[in-house]
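What follows is a set of notes on a single structure, which appears directly below.
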Amino acid sequence: MKKILLVEDEKMLGLLYEEELTKEGYTVIVVHDADSAMEKVKSEKFDLIITDIRMPGKDGIELIASIMGMRKDIPIIINTAYQSYKDDFMTWAADAYIIKSSSLDELKDKIRELLKDK
C-alpha cells in the first residue's frame, strides 16, 4: 500500500482528503504545518507528498526546498487554491501543481500517474 504525506493546514479539508485517498487504497498521514511534515519525512518513508503553499509558519515552498535537500526521490504535488504561485521558480521543483477544486479527480489522477512506477 502506497503511503502519502498530506500537508494541509485546514483541518476539515485534511480530513476530507484523507478519507477520499484512503478509499483509493492509500495510507494517508495528515499534518497541518511544515515543521510537522519535516519531522515525518525524517522518521518515516513516504511514496508521495501533497502540500499546500499557504500555511502558518513555514510555507509550502520552504517545505519543498527542505525536502529536496534531504530526499529528492519523493514526488511532490502542490495542491493550492492560488494559481499565482505557479510561476514561482521554487514551485517548479514539485512534480505537479494542482489548483484546489470541489472535485478531487485531478488530484487522484495525478497521484496515480506519479505512483504508477513506484
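Any read-out appearing in this document is the output of simple, stated calculations on the displayed coordinates, not a laboratory observation. These numbers come from a predicted model, not from an experiment. Note that we place each Cβ from the backbone using ideal geometry, even for glycine, and neighbour counts take in every protein chain shown.
A few remarks follow.
- Here the alpha carbons of the stretch 5-105 define both size measures, Rg and Dmax, at 12.5, 34 Å.
- Highest-first arrangement of 17-25, 93-101, where packing means the average Cβ count within 10 Å: 93-101, 17-25
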